[in-house]
Amino acid sequence: MSDNLFGKTIAELKLIAESLDLPGYASRQIADWLYKKNISSVEDMTNLSKSARQALNDRYYISTNPPVKEEISKDGTRKYLFSVKDGKYIETVYIPEQKRRTLCISTQIGCKMGCIFCITGKQGFQGNLDTGEILNQIRSQEENNSISNIVYMGMGEPLNNPDAVLKSLEILTSDYGYSMSPRRIAVSTIGIMPALNQFIEKSECNLAISLQSPFEDERRYLVPLEKKYPIKQIVETLRKYNIKGQRRLSFEYIMFKQFNDTDAHVKELAGLLNGIKCRINLIRFHSFKGSVLESSDEQTIRNFKDKLNRKGLLTTVRVSRGQDISAACGMLSTRVLNKS
């Protein structure tokens, strides 16, 4: 059975080269064609001998797939729908803002975490993306040459698919791959052990923790995995690693009306995160059909931010983008799936 070359790390390419009796430097040549020259066929690898290309062609192929649907917001945000495994779909969002061009990518088809505020979770878990499918979201859309930042904040829980995610991060940041700075990439997670430890130790990319509430009972209601991996344990893990230097640590906090937006939450957050160098990103909740939650109003969000800042916690409010095209994760794919 043939296999896709796109998405292979240099270590995997070395093994392939060895298995085909290719010279040791062939793995670097193949990587250069895949990730710097963006070829679509083994035959395009013109600095490999004809026999080497034939040997590769017999066992491997290069597969990258363009999006099947695109929606453009009046604010310039673009949402792409990609078809993957057996007629399923994932989403990617391109967000232009002044000097930054951010791409928000997915790591799974659906999600098994069951967070009640996330429409992707309503689809259930339908499979992991492989490394090539993760990277394809970056390569196979028209703005790929202008992307300045990448966030793993799309569909799925990245640390529930750690092998493919870590391989994709290696390819993105390595000199044989896309040579991106890890400071330009952020991975968002609700905090899954031991994959969180693995990510911190093996990657220098930025980390965002989906917090939502500092109170155990409330967070368990919002994020069922709190029962297995409590936020206090996650924070103590981060404290143990003492994350410093250039890696940015942030906490994502979706604001829910009369649920997690009170003075008691400000006080508890200050205690929980005391001594940790981090940023808190407050996020407006985008409601969807069937949700029992509502977003906090603008004044409450601003007041919450100001109170946290006065507690010494650097806090910002994330700008909502693409609301006219349902740019929140999972909305477009859910709509398409419901029609099929």
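The values are calculated or read from the model by the stated rules, or taken from the named source; none is laboratory data. Nothing here was measured: the structure is a model prediction, and the numbers come from that model. Every residue, glycine as well, gets a Cβ built from its backbone with ideal geometry; the counts of neighbours run over all protein chains shown.
Structure summary
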{"item": "Which numbered condition THR92 fails, given (1) surrounded by 20 or more Cβ atoms within 10 Å (Cβ to Cβ); (2) touching a Leu at 6+ places or on another chain (Cβ under 7 Å); (3) not in a strand (DSSP E or B)", "result": "(3)"}
{"item": "Close pairs from region 41-68: first in contact (Cβ under 8 Å) with a residue 60 or more places away in the chain and closer than 25 Å to ILE138 by Cα, partner among the aliphatic types (A, V, I, L, M) and not in a helix (DSSP H, G or I), Cβ under 6 Å, at least 6 apart", "result": "PRO67/LEU81"}
{"item": "Meets criteria (assigned to a strand (DSSP E or B), touching a residue at least 12 places away in the same chain (Cβ under 8 Å) and of a type in the set (A, V, I, L, M, F, W, C)) for LEU103", "result": "yes"}
{"item": "Qualifying residue in region 227-236 (condition: in contact (Cβ under 8 Å) with a residue 12 or more places away in the chain and within 17 Å of CYS118 (Cα to Cα))", "result": "no"}
{"item": "Given (1) closer than 28 Å to LEU159 by Cα; (2) touching a helix residue (DSSP H, G or I) at 6+ places or on another chain (Cβ under 6 Å); (3) of a type outside the set (Val, Ile, Thr), index of the condition GLU97 fails", "result": "(2)"}
{"item": "Of the criteria (1) at pLDDT 95 or above; (2) farther than 22 Å from MET153 by Cα; (3) touching a helix residue (DSSP H, G or I) at 6+ places or on another chain (Cβ under 6 Å), which one TYR241 fails", "result": "(1)"}
{"item": "Residue that is hydroxyl-bearing (Ser, Thr, Tyr) and modelled with pLDDT of 95 or more, where the choices are THR77, THR92", "result": "THR92"}
{"item": "Meets criteria (farther than 21 Å from ILE62 by Cα, in contact with a helix residue (DSSP H, G or I) (Cβ under 9 Å, 6 or more places away or on another chain) and modelled with pLDDT of 95 or more) for ILE134", "result": "no"}
{"item": "Flag for SER210 being in contact (Cβ under 8 Å) with a residue 60 or more places away in the chain and closer than 24 Å to VAL292 by Cβ", "result": "yes"}
